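The values are calculated or read from the model by the stated rules, or taken from the named source; none is laboratory data. The model shown is predicted, which means the values in this text are computed figures rather than measured ones. In this analysis, Cβ positions are derived from the backbone assuming ideal geometry, glycine residues included, and neighbour counts consider all displayed protein chains. Just the protein is used for accessible areas: all its heavy atoms, side chains included, with ligands, DNA and RNA removed. Shrake-Rupley method; radii C 1.70, N 1.55, O 1.52, S 1.80 Å.
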Amino acid sequence: MSKMTPQEMAQKIGSGLLSFPVTPFKADYSFDEATYRANMDWLCGYDVAGLFAAGGTGEFFSLTPTEVPEVVKVAVEETKGRVPVLAGTGYGTAIAREIAVGAEKAGADGLLLLPPYLTHSEQEGLAAHVEAVCASVKIGVIVYNRDNAILQPDTLARLAERCPNLVGYKDGIGDIELMTRVYTKLGDRLTYVGGLPTAETFALPYLDMGVTTYSSAVFNFVPEFATHFYTAVRKRDHATIQAGLKNFILPLIAIRNRKKGYAVSIIKAGMKVIGRDSGPVRPPLTDLTEQEIAELTALVKNLPAIRSSQQAAE
């Protein structure tokens, strides 16, 4: 069980960069625990405010309800309290509650509630879904606003009143008007997390709206770049931000956008590029081609030169 209160967890994750470690798989798609332990220990050596086990980049959608707590338990054991560990949960309400309870027992400090599987719902139904998950655990819950689960400000406000452990809001749609209305309505009641794919592209404008943190997928394989970029965002260092976007993030996005599902696949490929091969993605996702891995390798190799030029400019 977590020793952090929901409010302590929310305050901690709002203070720095977040990331979603990949879930390593063996060739037969079974969970590769040894590699996961090594990756988690390595990532804890960098300045990160929280790690999300079995989240979106961790292929939550391809894990079974029994696998998620198993992955979370390993993450908690390996991080040894160095950073908060949050777990993904989702699907229908009953399954989401089951996973949430299992993750709490495994020692998770909080939960990220992903959208319900497939179904589109009215605000009343979405609110009941969120409230049921919050009521099933004592740890903090962050709701992920995206796809078929777009909570409106009034709905969030009612949930915040009824659910003391609803402590975070992660935006995955990039609707600046909605984000502004949510923040205006709830203010400091929630911790706000930027959660768009390749969140670095939205980091600076979102910071001006009170979104102090975001989840960086690239932190998985280029943690020095990711933390340096985050520091530049907090300092509003436009020159460093633009250099990072132009020379790394935008070329990476160009590869990512070639095929559906590559937002996850390209991170797994990045792990291979740096010598921390974490296996394939599970179907229905597909891995990058050898040519695309070569392109990604060239981007990563160019990073030291990018950093040197930035430091010279400073």
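Here are the numbers for this structure:
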item	result
Subset of the range 285-301 that is more than 18 Å from residue 219 (Cβ to Cβ) and in contact (Cβ under 8 Å) with a residue 40 or more places away in the chain - its residue that is most open to solvent (accessible area, probe 1.4 Å)	295
Sole exception among (1) out of contact with any helix residue (DSSP H, G or I) (no Cβ under 8 Å at 6 or more places or on another chain); (2) surrounded by 24 or more Cβ atoms within 10 Å (Cβ to Cβ) for residue 68, by number	(1)
Filtered residues of the range 254-277 (kept if free of Cβ contacts under 8 Å to residues at least 60 places away in the same chain, touching a Ser or Thr at 6+ places or on another chain (Cβ under 7 Å) and open to solvent by less than 10 Å² (accessible area, probe 1.4 Å))	265
Unmet criterion (only one of (1) over 20 Å from the mean Cα position of the chain (by Cα); (2) over 23 Å from residue 27 (Cα atoms)) for residue 292	(2)
Residue that is nearest to the chain's Cα centre (by Cα) [pool: residues in the range 6-44 that are without any contact (Cβ under 8 Å) to a residue 12 or more places away in the chain and open to solvent by 60 Å² or more (accessible area, probe 1.4 Å)]	8
Residue match in the range 208-223 (condition: open to solvent by 40 Å² or more (accessible area, probe 1.4 Å) and at pLDDT below 95)	yes
Some residue of the range 51-62 being of a type in the set (Ser, Thr, Tyr), within 18 Å of the chain's Cα centre (by Cα), within 19 Å of residue 277 (Cβ to Cβ) and open to solvent by less than 10 Å² (accessible area, probe 1.4 Å)	no
Close pairs (8 angstrom Cβ cut-off, 6 or more residues apart or separate chains): among the aromatic types (Phe, Trp, Tyr) in the range 79-106, crowded, with 21+ Cβ neighbours inside 10 Å anywhere	91/99; 91/116
Residues being among the hydrophobic types (A, V, I, L, M, F, W, C) and either touching a residue at least 60 places away in the same chain (Cβ under 8 Å) or farther than 15 Å from residue 21 by Cα (or both) - total across the range 52-78	1
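Residue-by-condition table, conditions (1) out of contact with any Leu (no Cβ under 7 Å at 6 or more places or on another chain); (2) among the β-branched types (Val, Ile, Thr); (3) under 26 Å from residue 238 (Cα atoms):
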{"position": "176", "(1), (2), (3)": "yes, yes, yes"}
{"position": "183", "(1), (2), (3)": "yes, no, yes"}
{"position": "190", "(1), (2), (3)": "yes, no, no"}
{"position": "202", "(1), (2), (3)": "no, no, yes"}
{"position": "207", "(1), (2), (3)": "yes, no, yes"}
